[in-house]
Each structure stands twice: as C-alpha cells, then as structure tokens.
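Chemist: Before anything else, here's the structure in question.
The values are calculated or read from the model by the stated rules, or taken from the named source; none is laboratory data. Note that the structure is a prediction, hence the values are computed from the model and not measured. Backbone-built Cβ (ideal geometry, glycine too); neighbour counts: all protein chains shown.
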C-alpha cells in the first residue's frame with residue numbers, strides 16, 4: 001500500500017523531517033517495503049525480543065554524587081546564553097499547517 | 001448553587017444562587033438557567049456524576065539522579081548540577097541508581113501493590129527545550145508496580161466529627177526521569193533553560209478515577225504525602241515541586257458512559273487541588289447544561305483567579321512513539337525465595353528485606369495513638385497532620401500526670417489554634433512541651449482552675465521566659481485551699497446580698 005498524505009504529514013510534524021520531493025517519499029516507501037519482509041517470518045509462540053541485553057543484569061549504581069559542576073563546559077555548546085541559562089525559543093514553534101508548507105505533499 | 005452530597009452525585013439547583021464559579025473574567029452565563037426549557041427528556045434536576053483521577057509525580061529523595069551521578073539539589077545555581085548525560089551529550093549512557101529502585105519498592109509496598117519482579121524501561125518522545133534528549137526514559141510497558149490501594153479519611157460533617165474511610169485504587173507506579181526547568185521570558189520572546197532538574201528520579205503514581213470531588217482528591221493526596229514522608233522515599237513538599245499533581249476530570253449522567261475528560265495541571269498546593277477539581281467539575285456541568293461540549297484538552301489552574309484556563313503549547317494529540325530503551329536491560333527484583341546464592345548484595349534489591357524494614361505507616365501510627373492514649377480517631381488525624389505535633393503531645397503526656405485524653409484537648413484546642421492563628425509551626429511554638437506539661441500539672445493538682453490555666457497560657461504565649469508557676473504567683477491565680485477562708489468569703493457574699501438570698 002502507498003503511504004498516505006496524512007501519514008506523511010504526521011511524520012513530518014513528529015520527526016521534523018521534510019519529504020521534500022517524490023524521491024524522498026519513494027525512498028520511504030522502499031524502506032517500508034524492505035522492513036515488511038519481517039512479516040514473512042512465523043513468530044507464533046515466540047516472545048518478542050526488544051534488546052540483546054535482555055538476559056544481562058541491569059547494573060545498580062550506588063547513590064553517590066560523582067558528576068556535575070561543569071557549567072562552563074556545558075555552556076560552551078550553547079549558541080546563546082543568559083547568565084548560565086541556555087536560551088531557547090519561547091515555546092515549540094508549531095509546524096505550519098500542510099496548506100502553508102512548501103512541501104511536495106501539497107501536490108499529492 | 002450546586003449542592004453536593006458525598007455519594008458523589010451533583011445536583012444543579014435550578015435557581016442560580018450566589019455560589020458556583022463565574023468563568024474567569026467573564027460574567028456568569030445568566031438567563032438560560034432560570035425557568036428555561038429543560039433539556040429534552042429530563043425535567044427538574046438532572047444529576048451529574050463527576051469522575052476524578054489523579055496522576056502524581058513524586059521526586060525521589062536521593063543524593064544523585066536516576067540515571068546519572070549528578071546531585072539532586074533544589075535551587076542550585078543554574079546548570080551547576082548537570083552531568084553530560086543529563087545534557088544529552090552524545091556518547092553518554094544511563095546507569096540506574098539503586099536508591100531510586102529501593103524508594104519505588106518501598107512506596108509500592110506501602111500502597112499494597114503487586115511488584116513486577118521484572119520491569120522494563122521505555123522512551124517517551126516529545127520535543128521541548130527542557131528535554132534535551134527529545135525523549136524521557138520511563139516505564140510504559142511494564143512498570144515496577146501495579147494494582148495497589150490507598151486508603152484515606154474524610155470528615156463527613158464538621159459538626160458531627162464523623163470520619164469516613166475511602167479507598168482509591170492505584171493503577172501503577174513507575175520510575176521515570178524529571179525534565180529540566182523552563183523560565184519563560186515573554187518580554188524578550190525567549191525561554192531560559194536550567195537542566196539542574198533534568199534526570200532527577202520520579203515515581204509516577206497513577207490513580208484510577210475513583211474519586212468524585214476536590215475534597216476526596218485533596219484528602220487522598222495528603223495521605224499519600226504523609227506516607228511518602230514517613231517512608232522517606234520522597235520529601236513530597238509541593239511548594240518545592242517534589243510532589244506534582246495532575247487531575248483528570250469528567251462528568252456524566254448516572255448510567256451513561258463517562259464523559260470527555262480534561263487534564264488540569266499547574267496545581268501548586270493541596271488546597272488549590274481541591275479548588276481546581278471542584279471548579280473544573282462545575283465548569284464542565286455548566287458547559288454541558290448550556291448545550292456545549294467538553295474538549296479533550298489540557299488546562300492550567302490559575303490560582304489567582306481560582307479557575308482553569310486552556311493551556312498554551314498543547315496543540316493536538318501527542319504521539320509519544322514509545323519504544324523500548326535499548327540501553328537498559330530489564331530491572332530484576334528479588335525476594336527471599338528467588339535470591340540466587342553467592343550474589344553481590346550491592347547488585348541485588350530484595351523486596352522482602354525492604355518489607356521487613358518499612359516504618360509504621362500513618363494509618364498504623366494513628367491506630368497506635370488511639371489505642372495507647374484513648375484519644376478519638378479524628379484527634380490522631382490532626383496529630384499526624386501537623387509536623388511535630390505528635391512528638392509535642394507525647395512529650396507533654398510523658399511529663400504530666402494528666403490523662404492523655406484530657407491533654408489532647410489542650411493540644412488541639414489551645415496550642416494548635418494559637419499556632420494556626422499566628423501561622424507558626426509546632427517547632428516555632430513559644431510554649432514548649434515541658435512548659436505546657438508544668439502548667440497542666442498545676443491544673444491536675446488542683447492548684448489552679450482551668451479558667452486560670454487558660455489565663456496563664458495567654459501570658460505564656462508572650463514568650464517572656466516566665467514559668468507557669470511564676471505567672472500564677474504574679475497574678476495570684478492560685479485556688480484557695482483553706483476551708484475557713486472559703487467559708488468567710490461565701491458568708492460575706494451572702495451577707496452583702498440579703499435581699500437576693502432567701503433563707
């Protein structure tokens with residue numbers, strides 16, 4: 001099945017990607033097709049594995065303070081700072097609605 | 001005005017009285033309520049059933065954060081207790097703090113939960129400046145504990161002083177990371193971000209929607225707060241953001257399906273929680289009775305105006321794209337039975353070991369107080385409710401012969417009311433427990449009357465350092481013990497009132 005415009009819009013909004021042109025969408029379609037091959041495997045009665053670490057022990061750390069106190073170093077990465085605070089835009093800048101975006105999806 | 005019964009059914013009196021919240025900043029919708037046509041099918045009063053569910057985030061009391069070794073420190077200089085992991089710098093990995101796991105287990109046991117001996121971590125994705133990784137590590141699929149209960153009490157009637165016990169079911173408890181803090185600077189159109197709080201361990205306690213009003217919600221949260229403070233798993237001070245409550249509110253008619261719910265955030269105290277919930281219930285009833293619909297939205301409580309308003313920045317339904325946290329294996333908890341031999345104790349969290357060491361929970365403490373001192377259950381609630389009051393009471397009892405059930409009256413009526421009037425904590429009381437004990441001893445030995453004792457107390461509040469005995473002597477408040485002297489006084493009164501006294 002083809003990926004619908006609604007789903008593409010949803011993906012652009014969530015992942016902040018830009019399916020600029022038909023090539024981008026085609027690449028997505030191919031990637032989904034490739035992954036769909038997994039459905040050919042019969043997994044009846046098999047517990048899903050979500051990590052190869054599943055039978056490892058989760059290491060428990062002692063509750064000691066061993067890090068921090070590196071404000072200067074951290075702020076080196078900041079493009080803008082105000083008195084040791086990182087500066088960010090006033091809120092999430094909402095993605096414009098589909099009709100207002102310059103995207104390939106318009107023409108679909 | 002709406003009239004509420006504790007059974008949870010709200011009836012909207014058709015006459016609009018002075019009560020009920022007016023929508024913020026706008027005049028209350030008038031007219032349609034008075035004598036207008038009743039919605040089809042119903043006549044007179046249409047009962048509403050409010051439904052309230054709470055999501056509570058309690059900051060874990062620990063030295064370092066949930067997945068990193070930076071310090072948990074309130075009000076530290078901005079970005080000073082932030083590790084590379086907290087700032088989500090590439091190449092960093094989460095390492096779980098044992099103390100946080102223990103805190104969650106303690107809390108789960110205190111709330112009668114089933115503990116999942118194998119629980120998993122997941123990533124919850126959303127974009128916000130104070131969440132540098134773009135996701136929060138939480139436990140969505142299999143949390144550390146499920147299916148618990150919390151019992152709390154309510155006064156049914158102020159006059160009758162009858163207490164009623166209610167329970168709310170705990171859906172689950174999960175471990176998760178706190179986010180950083182955003183300071184909105186609207187004048188410069190920017191947000192300042194402080195990551196000190198990013199990564200601090202939280203226990204999210206999800207309650208089933210078993211409550212019906214603000215009073216129940218407040219009582220349940222208060223009891224949870226006391227439990228957490230008793231366990232030490234969280235300091236649970238709401239004012240410092242260590243206990244945050246979001247309320248989910250909806251209303252429906254009995255027998256009909258649940259209504260659309262709204263989520264109310266930004267509630268900063270238990271008092272405001274009750275107000276916010278009650279306001280939202282009223283607001284929803286008004287909207288629905290005026291033919292409107294409730295939006296499934298997030299609203300913020302404005303404590304200044306006493307109402308809820310739609311929250312900005314919450315556009316549409318979020319897709320959190322939950323996925324397993326690939327860097328963390330499952331969290332395994334053991335008990336005495338499942339404990340493998342030859343294990344490194346530091347690497348093992350033993351549920352039974354923790355269970356054995358749980359302190360007396362508030363409900364047990366109250367029962368013990370009632371039994372030991374023969375006081376009323378509602379007295380025990382007040383004792384536990386005020387920080388330090390139980391200790392004070394027990395100290396006084398220790399140092400006086402007066403029966404505890406008489407002492408309690410002085411503690412609750414005289415001491416506590418004075419402290420409340422002057423906004424003092426028990427620790428700040430100018431009258432110490434030993435001074436009060438001295439005073440009560442004078443009363444008990446019948447050296448002064450109880451009226452005199454109250455007068456002495458008034459003097460003692462001044463905190464001038466005088467002892468009760470000194471004040472009694474100064475003001476000549478001693479009861480006259482001499483029989484002859486008393487007879488003389490009585491005779492003199494009778495003699496002086498010959499007309500009034502009939503021989």
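Chemist: Does residue B:63 meet the test of being crowded, with 24+ Cβ neighbours inside 10 Å, within 21 Å of residue A:64 (Cα to Cα) and modelled with pLDDT of 95 or more?
Modeler: Against the criterion (crowded, with 24+ Cβ neighbours inside 10 Å, within 21 Å of residue A:64 (Cα to Cα) and modelled with pLDDT of 95 or more), residue B:63 does not qualify.
Chemist: Within the stretch A:68-103, how many residues turn out to be under 30 Å from residue B:185 (Cβ atoms), outside any loop (DSSP other than H, G, I, E, B) and under 28 Å from the mean Cα position of the chain (by Cα)?
Modeler: Counting residues in the stretch A:68-103 that are under 30 Å from residue B:185 (Cβ atoms), outside any loop (DSSP other than H, G, I, E, B) and under 28 Å from the mean Cα position of the chain (by Cα) gives 10.
Chemist: Continuing with this model, one more query. What's the number of the condition residue A:2 fails, among (1) more than 8 Å from chain B (Cβ to nearest Cβ); (2) in contact with a helix residue (DSSP H, G or I) (Cβ under 8 Å, 6 or more places away or on another chain); (3) surrounded by 12 or more Cβ atoms within 10 Å (Cβ to Cβ)?
Modeler: (3) is the only condition that residue A:2 fails.
Chemist: Kindly evaluate residue B:210 against the criterion of being surrounded by fewer than 22 Cβ atoms within 10 Å (Cβ to Cβ), in contact (Cβ under 8 Å) with a residue 60 or more places away in the chain and either assigned by the TED database to the domain that holds residue B:163 or more than 24 Å from residue B:251 (Cβ to Cβ) (or both).
Modeler: The answer is yes for residue B:210.
Chemist: Which of the residues spanning the stretch B:443-459 are farther than 16 Å from residue B:412 by Cα and in contact with a helix residue (DSSP H, G or I) (Cβ under 6 Å, 6 or more places away or on another chain)?
Modeler: Within the stretch B:443-459, B:443, B:448, B:456, B:459 qualify.
Chemist: Take the residues in the stretch B:113-138 that are part of a loop (DSSP other than H, G, I, E, B) and away from chain A (no Cβ under 13 Å); name whichever of them is nearest to the chain's Cα centre (by Cα).
Modeler: The selected residue is B:113.
Chemist: Any idea which of B:288, B:202, B:228 is within 30 Å of residue A:74 (Cβ to Cβ) and in contact with a strand residue (DSSP E or B) (Cβ under 8 Å, 6 or more places away or on another chain)?
Modeler: None of the others qualify; the one that does is B:202.
Chemist: Modelled with pLDDT of 85 or more, over 28 Å from residue B:141 (Cβ atoms) and either within 14 Å of chain B (Cβ to nearest Cβ) or touching a helix residue (DSSP H, G or I) at 6+ places or on another chain (Cβ under 9 Å) (or both): which single residue out of A:54, A:26, A:47, A:83 fits that description?
Modeler: A:83
Chemist: Within the stretch B:69-112, how many residues are part of a loop (DSSP other than H, G, I, E, B), within 12 Å of chain A (Cβ to nearest Cβ) and touching a residue at least 40 places away in the same chain (Cβ under 8 Å)?
Modeler: Final tally of qualifying residues: 15.
Chemist: For the structure I just gave you, tell me whether residue A:8 is surrounded by 15 or more Cβ atoms within 10 Å (Cβ to Cβ) and more than 7 Å from every other protein chain (Cβ to nearest Cβ).
Modeler: Answer is yes for this residue.
Chemist: Residues in the stretch B:340-392 that are touching a strand residue (DSSP E or B) at 6+ places or on another chain (Cβ under 6 Å) and free of Cβ contacts under 8 Å to residues at least 60 places away in the same chain: how many?
Modeler: Number of matching residues: 3.
Chemist: Another question, if that's okay. How many residues does the stretch B:123-140 contain that are touching a strand residue (DSSP E or B) at 6+ places or on another chain (Cβ under 6 Å) and either in contact (Cβ under 8 Å) with a residue 60 or more places away in the chain or in the same structural domain as residue B:384 (by the TED database) (or both)?
Modeler: 8
Chemist: Another question, then. Go through (1) within 29 Å of residue B:264 (Cα to Cα); (2) more than 9 Å from chain A (Cβ to nearest Cβ); (3) assigned to a loop (DSSP other than H, G, I, E, B); (4) at pLDDT 95 or above one by one and return the number of the condition residue B:46 breaks.
Modeler: Every condition holds for residue B:46 apart from (4).
Chemist: Take the stretch B:329-350 and flag every residue that is touching a helix residue (DSSP H, G or I) at 6+ places or on another chain (Cβ under 8 Å) and within 14 Å of chain A (Cβ to nearest Cβ).
Modeler: Across the stretch B:329-350, the qualifying residues are B:331, B:333, B:334, B:346, B:349.
Let's see how each residue does on (1) assigned to a helix (DSSP H, G or I); (2) under 43 Å from the mean Cα position of the chain (by Cα); (3) assigned by the TED database to the domain that holds residue B:422; (4) at pLDDT 85 or above:
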| position | (1), (2), (3), (4) |
| --- | --- |
| B:460 | yes, yes, yes, yes |
| B:463 | no, yes, yes, no |
| B:471 | yes, yes, yes, no |
| B:494 | yes, no, no, no |
| B:500 | no, no, no, no |
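Chemist: Out of curiosity, is residue B:288 at pLDDT 90 or above, buried (at least 16 other Cβ atoms within 10 Å of the Cβ), more than 14 Å from chain A (Cβ to nearest Cβ) and closer than 26 Å to residue B:74 by Cβ?
Modeler: no
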